[in-house]
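**Q** The structure that follows is given in the form of structure tokens.
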Amino acid sequence: MVAERDIISRTTKGRRPWRRWLMWASLFHFVGFASSVDALMSTRTSQGAVAWIVSLNALPYVAVPAYWVFGRTKFQGYVNARRDEDSELGQALLTKMTELRRQRAELNHDNKHLAGVERLAKLPFLQGNEVSLLIDGEDTFASLFAGIEAAERYLLVQFYIVRADDVGIALQTRLIEKAREGVDVYFLYDEVGSYALPADYLRAMREAGIQVHRFHSTRGAGNRFQLNFRNHRKIVVADGARAWVGGFNIGNEYLQGHSTLGPWRDTHLLVEGPAALALQLVFSEDWHWATEEILDLPWEPSVPGHHTVPVLILPSGPADSFDTASLMVQQAIHSANHRIWISSPYFVPDESVLSMLKLAAINGVDVRILIPQRPDNLLLYFAAYAFLAPLLEAGVKVYRYEEGFLHGKSFLVDDVGAAVGTVNLDNRSFRLNFEVSALVVDSAFAAEVEAMFERDFARAREMQLADLEILSIWYRIAARAAYLFAPLL
């Protein structure tokens, strides 16, 4: 009997690992199925939903952790004051918002079609502004550093990437000097984009009296794993009167060029006037999320001279009810009567934007897309080739910038409307990043942007259908495979 029990015991123990494996496998498949239901109900694009549903059920061991880290499309907990005036922040800013709306610009008949984006921004075009187009690093950092040095009351500084190199130290030195002069300095950085920023860099600023915080998307009990969101905004506001926004981060490559990609081609914008307060509002919302504090700042609009340039500040992000950035681009394409020119370092737009671009070109609109020849993201680079042929066939002109790395994000509509900001034409900017754009309605400014585009086109190569026809089968397979991941990038 003893021997028989030993045999049974050994046999049972031998089966237990298989039972444990089956238990864990069943658990993963159940969680994968449950997660696929969540993806079906919450993923914003059908392509993204299909990709997640297939992978969650076929490979749950890999896909389940990936989904709960990278698959979420709504940023939980962030409160937008313009959307929710009953919130603490909304109540605190209610009177300021009312005062700011009194600066509303009345667009003329030719520009009425651009007013659709006002409802997305929850703010109107504001009048009484002066704008300066800043092209490449020398002009941008000269303007930005001069503005910081001239600040008398407060500075709001926010970047996606901050490096502790020469440019980063130059910024840090100026901010510390202003703080020691008694200027209130608030510094906000993205925890993912600036992951390599040394603690000593931040400690030196804190010791000088600068209020330093990270925009951490993982704050809150329900947000521990939402690592896929980024605060991609680049905003500097000086005394509520002057503000800078655009594509530049803080690092040597933005001024001196990249070691492998070459000279850095980027675009920024200086806004002076009431629209600077609209950028101050965007910063205040981000600061409130990061710190749960409401900044006590002046909100009196400053109007420089007799300038009447209308400017709209449009923030967008995963806390919005709509795909704000995508709708902004679609509205711009729809409003174009004879021209829409777009510059973007990453070009993997959603189906809606692609359809709008093709339809505009078919209707005779001059549609031009400027993208880099040298990629810094191979997956996005290959993904773009998956749909370039239909665009070219529809009459869209695609240019590849060859003199360095193109990082500017801007567009030009006809001869009156232009935008500069942080939005790329890809799923990440449309749905996963916090972004901001400045839309300007002014013929003189549009002429400057036109001249900028013309110089860039002269340094670019226009693509032809023949360029795609000679690609190898492996290149085409890589492009289609990369495009499958477009909604997840």
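The values are calculated or read from the model by the stated rules, or taken from the named source; none is laboratory data. Quick caveat, the model's predicted, so the values are computed rather than measured. Cβ coordinates were reconstructed from backbone atoms using ideal geometry, including for glycine residues, and neighbour counts include every protein chain displayed. All accessible areas refer to the heavy atoms of the entire protein, side chains included, with ligands and DNA or RNA removed. Shrake-Rupley method; radii C 1.70, N 1.55, O 1.52, S 1.80 Å.
**Q** Tell me, yes or no, whether the stretch 110-122 has at least one residue that is modelled with pLDDT under 80 and either part of a loop (DSSP other than H, G, I, E, B) or within 19 Å of the chain's Cα centre (by Cα) (or both).
**A** Looking for residues that are modelled with pLDDT under 80 and either part of a loop (DSSP other than H, G, I, E, B) or within 19 Å of the chain's Cα centre (by Cα) (or both), one finds none in the stretch 110-122, hence no.
**Q** Check residue 264 against each of (1) of a type outside the set (D, E, K, R); (2) buried (at least 24 other Cβ atoms within 10 Å of the Cβ); (3) within 23 Å of residue 423 (Cβ to Cβ) and name the one condition it does not meet.
**A** (2)
**Q** A follow-up question, please. For the condition under 25 Å from residue 266 (Cβ atoms), touching a Ser or Thr at 6+ places or on another chain (Cβ under 8 Å), part of a helix (DSSP H, G or I) and in contact (Cβ under 8 Å) with a residue 24 or more places away in the chain, what is the one hit in 143, 132?
**A** 143
**Q** Could you please find all residues in the stretch 234-253 being open to solvent by 10 Å² or more (accessible area, probe 1.4 Å) and not small (Gly, Ala, Ser)?
**A** The answer is 239, 242, 252, 253.
Table: residues versus (1) surrounded by fewer than 24 Cβ atoms within 10 Å (Cβ to Cβ); (2) assigned to a strand (DSSP E or B).
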residue	(1), (2)
428	yes, no
431	no, no
436	no, yes
439	no, yes
446	yes, no
454	yes, no
461	yes, yes
466	yes, no
474	yes, no
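**Q** Could you tell me which of the residues 140, 95 is modelled with pLDDT of 80 or more and either buried (at least 21 other Cβ atoms within 10 Å of the Cβ) or closer than 20 Å to residue 288 by Cα (or both)?
**A** Numbers: 95 fails: modelled with pLDDT of 80 or more.
Going through 140, 95 in turn, the sole match is 140.
**Q** Taking into account only those residues within the stretch 189-228 that are in a helix (DSSP H, G or I) and open to solvent by less than 40 Å² (accessible area, probe 1.4 Å), which is modelled with the lowest pLDDT?
**A** So, considering only residues that are in a helix (DSSP H, G or I) and open to solvent by less than 40 Å² (accessible area, probe 1.4 Å), the one modelled with the lowest pLDDT is 223.
**Q** Which number in (1) under 16 Å from the mean Cα position of the chain (by Cα); (2) polar (S, T, N, Q); (3) open to solvent by 10 Å² or more (accessible area, probe 1.4 Å) marks the one condition that residue 316 misses?
**A** Among (1) under 16 Å from the mean Cα position of the chain (by Cα); (2) polar (S, T, N, Q); (3) open to solvent by 10 Å² or more (accessible area, probe 1.4 Å), the lone unmet condition for residue 316 is (3).
**Q** Just the residues that are open to solvent by less than 40 Å² (accessible area, probe 1.4 Å), modelled with pLDDT of 75 or more and under 21 Å from the mean Cα position of the chain (by Cα), please, taken from the stretch 369-400.
**A** 369, 370, 371, 372
**Q** Also, I was wondering about something else. For the stretch 338-352, what are the residues that are outside any loop (DSSP other than H, G, I, E, B) and either modelled with pLDDT under 95 or open to solvent by 10 Å² or more (accessible area, probe 1.4 Å) (or both)?
**A** Matches in the stretch 338-352: 339, 347, 348, 351, 352.
**Q** Something else: Could you grab me the full set of residues in the stretch 267-292 that are among the hydroxyl-bearing types (Ser, Thr, Tyr) and buried (at least 20 other Cβ atoms within 10 Å of the Cβ)?
**A** Of everything in the stretch 267-292, those that are among the hydroxyl-bearing types (Ser, Thr, Tyr) and buried (at least 20 other Cβ atoms within 10 Å of the Cβ) turn out to be 267, 284.
**Q** Go through the stretch 153-169 and give me each residue that's farther than 13 Å from residue 237 by Cβ and exposed (fewer than 14 other Cβ atoms within 10 Å of the Cβ).
**A** Across the stretch 153-169, the qualifying residue is only 166.
**Q** Given the criteria surrounded by fewer than 18 Cβ atoms within 10 Å (Cβ to Cβ) and closer than 15 Å to residue 133 by Cα, does residue 418 qualify?
**A** Considered against the rule, which asks whether it is surrounded by fewer than 18 Cβ atoms within 10 Å (Cβ to Cβ) and closer than 15 Å to residue 133 by Cα, residue 418 comes out as no.
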